[in-house]
Amino acid sequence: MELQHLVGRIAAEVTPGGAVAGYIPALARIDPHAFGLAVATLDGEVFGAGEHERPFSVQSVSKVFTLALALAENDDVWTRVGREPSGSPFNSLVQLETEQGIPRNPFINAGALVVTDHLGPGAADRLLAFLREESGNPAIGVDPEVAESELGHSDRNRALAHFMASYGNLRNPADTVVREYVRQCSIEMSCADLARATLFLARHGVRNDGTRLLGVSGAKRVNAVMLTCGTYDAAGEFAYRVGLPGKSGVGGGVIAVVPGRCAICVWSPGLDARGNSVAGVDALDRFTTLTGWSVF
């Protein structure tokens, strides 16, 4: 099926639902019925439908890119964070205590804080530079209102950071790490931007300019962690329905990778109880069903 027709069909068929992330005031005002979908092919061509060029807060989708940047330096981050599904809410403290300050995976908040700490001061600016280059959009930036709103309601993330610091699992001051983490989550991008930026994982580690960010094995491992841990404690359901590596964020965005074919981003702010976009998961389910593209 021709991709432009396909994304238009999916956009017409899905019904946005769920509730926005009300615990972040700046996100609580977003229309839960908004919807955008973009598919970027390996040559960078983008097919979009709905509000696929409207910027939104990427939130936890950013964790994929910070992990990739960390692994591009070295594998040391794996000595400080695990690779197993959590089975717990993304901001849980309980598991962190029982496992002595080592987060279960890099996509729960505690694990993402460790990755941000690994990248060090200026991590958010490094991420911004990478996303601008990969998306081809130099205007991508941090939404200051979202950043301020989120930082003012980040007691749980501060608690996670200080708890890990007490176990010696942070190298930088906890408040510095939380501030960098909030800035990276407050980056605004469109579905088209994110689909292009995610293509390096569909190309097995090769960036849009032809240089290599990750080796083939490194890209495979990022995709594997996305599949098993990318949608919080609903990763099994996501794998069952969609069958692709994916990463969601409470801003309503979800990225997914079809290795060797394309990268996808869908956005709809209405979330289910586990923090995943209702229409986003539905759209990806329809995409893999209609194309037959999955990793299984």
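Values in this text are rule-based calculations from the coordinates and carry no lab data. Just so you know, these numbers come straight off a predicted model, no measurement behind them. All Cβ positions, even for glycine, are placed from backbone atoms using ideal geometry, and neighbour counts span all protein chains on display.
Between the amide H of residue 242 and any residue lying 5 or more places away or on another chain, no distance stays under 5 Å, with hydrogens modeled in the peptide plane. Size descriptor for region 82-237, Kirkwood hydrodynamic radius: 16.4 Å (Cα pairs only, one decimal).
To the nearest ten degrees, helix 155-166 and the longest principal axis of the Cα atoms of the chain are 50 degrees apart. Cα-based radius of gyration for region 232-281, normalised by 2.2 N^0.38 Å, reads 1.06. Largest first and in whole Å, the equivalent-ellipsoid semi-axes of region 72-128 read 21, 12, 9, each the square root of five times a Cα gyration tensor eigenvalue.
Placing one equal scatterer on every Cα of region 1-71 and applying the Debye formula, the log10 ratio I(q)/I(0) at q = 0.15, 0.22 Å⁻¹ is -0.69, -1.09.
Evaluating 6.51 cos²θ - 1.76 cosθ + 1.60 at θ = phi - 60° for every residue in region 243-252, the Karplus couplings come out as x, 9, x, x, 9, 10, x, 6, x, x Hz, glycine and proline recorded as x.
A Gaussian network model of the chain, with springs between Cα atoms under 10 Å, assigns the largest mean-square fluctuation among 231, 176, 66 to 176.
Remark: region 211-296 is approximated by an ellipsoid whose semi-axes, taken from the C-alpha gyration tensor as √(5λ), come to 21, 14, 12 Å, largest first.
Simple rule: put +1 on each Lys or Arg Cβ and -1 on each Asp or Glu Cβ in region 40-199, find the dipole, and look at 95, 172, 128; the Cα lying farthest toward the positive end is 95.
Rg ratio for the chain: its Cα radius of gyration over 2.2 N^0.38 Å, N being its residue count, equals 0.91. Let me know the whole percent of all Cα-Cα pairs from region 29-147 that are separated by more than 23 Å. The proportion of pairs with Cα distances above 23 Å equals 43 percent. Phi angles across region 256-271 convert, under the Karplus curve 6.51 cos²θ - 1.76 cosθ + 1.60 with θ = phi - 60°, into 3J(HN,Hα) values of 8, 10, 10, x, x, 10, 6, 10, 10, 9, 10, 9, 7, x, x, 10 Hz, Gly and Pro given as x.
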